[in-house]
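The values are calculated or read from the model by the stated rules, or taken from the named source; none is laboratory data. Fair warning: this is a prediction, and the values are worked out from it, not measured in the lab. Every residue, glycine as well, gets a Cβ built from its backbone with ideal geometry; the counts of neighbours run over all protein chains shown.
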Amino acid sequence: LQGNSENSFIITDTLGLVLKAFPNNYPFKPYKGIPTVIGRENLFYNFNNRLYIKEVYSDTIYNFDKMLFKPHMVLATGDRLLTPEARAQFDLSYLSENYIRPIHLFEFGDFVYYEYTYSFKLGTKNILYAFIGSKTTEFQAFIDADQGLINDLDGGPPFIPKTIKDNKTVISWIDANKLKEYVASENFKNSKPLYPEKKKELEKLADSLKETDNPVLVMVRLKR
């Protein structure tokens with residue numbers, strides 16, 4: 001909010017005693033002295049039993065290991081990376097329209113999944129962007145994260161990545177009433193999935209659900 005915090009991270013034990021403090025590397029003075037909230041200034045995730053973090057003012061993802069932050073990966077965003085200088089010079093509306101605001105981040109298999117907003121304008125319909133990129137090849141894809149990935153396996157609802165079960169399994173979920181609505185739609189009825197038998201199984205599942213049932217968990221496992 002104020003940009004004047006002494007530390008960015010403080011490590012404590014279970015009794016609350018400070019073990020180590022990491023100084024704030026990105027101090028700033030708020031525009032016109034007015035505190036503003038950017039949102040998710042730090043994104044944390046776990047992958048292969050390791051803790052990772054990305055700060056809003058840095059392109060670098062760090063691995064926290066043995067009380068140290070070690071560089072892991074760079075998500076190059078160029079001049080769209082929010083900076084402390086920009087926080088001091090512009091109001092929240094300008095920042096939202098001209099800089100990337102991180103929303104969600106995780107890794108799975110050979111890939112990294114990164115959700116963010118850009119050119120965000122209050123009072124309008126905005127796109128939640130998602131970048132999917134390979135860590136070993138040149139594969140890159142950008143999607144509308146709210147729309148998700150087309151499900152051509154069983155013709156079901158688009159798959160919207162939420163988190164992971166392990167490094168090969170990506171997880172999503174959908175409300176029971178939304179699944180029932182989709183299966184009853186013309187889009188589903190006219191779909192021609194790769195596995196027609198799975199489409200029939202999905203129909204049976206939707207028919208067995210009540211609208212008030214818990215959300216349905218969806219898991220996609222990567223090919224080995």
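Checked against the criterion of being outside any loop (DSSP other than H, G, I, E, B), of a type in the set (Ser, Thr, Tyr), exposed (fewer than 15 other Cβ atoms within 10 Å of the Cβ) and not assigned by TED's automatic domain parsing to the domain that holds residue 50, segment 178-196 contains not a single residue that satisfies it.
Here is a yes/no grid of residues against (1) outside the structural domain of residue 141 (by TED's automatic domain parsing); (2) within 22 Å of residue 171 (Cβ to Cβ); (3) touching a residue at least 60 places away in the same chain (Cβ under 8 Å); (4) in contact with a Ser or Thr (Cβ under 8 Å, 6 or more places away or on another chain):
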position: 55; (1), (2), (3), (4): no, no, no, yes
position: 59; (1), (2), (3), (4): no, no, no, yes
position: 88; (1), (2), (3), (4): no, no, yes, no
position: 95; (1), (2), (3), (4): no, no, no, yes
position: 102; (1), (2), (3), (4): no, yes, yes, no
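Condition first: crowded, with 17+ Cβ neighbours inside 10 Å and among the small types (Gly, Ala, Ser). Now tell me which residues in segment 110-140 satisfy that. If the condition is that a residue be crowded, with 17+ Cβ neighbours inside 10 Å and among the small types (Gly, Ala, Ser), then 130, 133 are the ones that fit.
Look through segment 17-70, keep the residues that are modelled with pLDDT of 95 or more and among the acidic types (Asp, Glu), and return whichever of them is surrounded by the most Cβ atoms within 10 Å (Cβ to Cβ). Among residues in segment 17-70 that are modelled with pLDDT of 95 or more and among the acidic types (Asp, Glu), the one surrounded by the most Cβ atoms within 10 Å (Cβ to Cβ) is 55.
For segment 160-177, a residue qualifies if it is over 13 Å from the mean Cα position of the chain (by Cα) and surrounded by fewer than 17 Cβ atoms within 10 Å (Cβ to Cβ), and the qualifying residues are 165, 166, 167, 168, 169, 173, 175, 177.
Given the condition assigned to a loop (DSSP other than H, G, I, E, B), over 15 Å from residue 47 (Cβ atoms), free of Cβ contacts under 8 Å to residues at least 12 places away in the same chain and of a type in the set (Asp, Glu), answer yes or no: does some residue in segment 138-152 qualify? Checked segment 138-152: at least one residue is assigned to a loop (DSSP other than H, G, I, E, B), over 15 Å from residue 47 (Cβ atoms), free of Cβ contacts under 8 Å to residues at least 12 places away in the same chain and of a type in the set (Asp, Glu). If you check residue 61 against the conditions, is it touching a strand residue (DSSP E or B) at 6+ places or on another chain (Cβ under 8 Å), part of a strand (DSSP E or B) and closer than 25 Å to residue 163 by Cβ? In short, yes. Among residues that are under 25 Å from residue 72 (Cβ atoms), assigned to a loop (DSSP other than H, G, I, E, B) and not assigned by TED's automatic domain parsing to the domain that holds residue 100, residue 161 is included. Would you call residue 87 in a helix (DSSP H, G or I) and under 29 Å from residue 4 (Cβ atoms)? It is true that residue 87 is in a helix (DSSP H, G or I) and under 29 Å from residue 4 (Cβ atoms).
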